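Presented below is the structure to which this report refers.
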Amino acid sequence: MQTAKRPAFADFKKKALQNKEVKKEYDALKPLFTIKKALVLARLEKGFTQDEIAKKIGTSKSNISRLESLNNNYMPNLATLIKYAEALGKKLEVGLR
């Protein structure tokens, strides 16, 4: 019995983004995903685990996991982002273009 071949994610994404509604939602979430990716990269760059960063900012590992996850649209408040950045020895910068 032959199993069906699943499309590569890139092919799936390309096809999905041809739909105007999907593209609109994808574009709306881009800033959120950009922030989440930046948090993870900064944490890994400093060599911290999620548990270590959680302890530094006074929260749980599960909260850090939820904050960093790309599988949800949870957005922390500004104070949390500032604490996260400071725990890494960084400053949070917010701007408008």
Index of the failed condition, Ala54 passing every other in (1) within 14 Å of the chain's Cα centre (by Cα); (2) modelled with pLDDT of 95 or more; (3) among the aliphatic types (A, V, I, L, M): (1)
Residue list for region 61-80, restricted to those being part of a helix (DSSP H, G or I) and within 12 Å of the chain's Cα centre (by Cα): Ile64, Ser65, Arg66, Leu67, Glu68
Flag for Gly95 being exposed (fewer than 10 other Cβ atoms within 10 Å of the Cβ) and on the phi > 0 side of the Ramachandran plot: no
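The values are calculated or read from the model by the stated rules, or taken from the named source; none is laboratory data. Because the structure is a prediction, the values reported are computed rather than measured. Here Cβ is always computed from backbone atoms with ideal geometry, including for glycine, and neighbour counts include all displayed protein chains.
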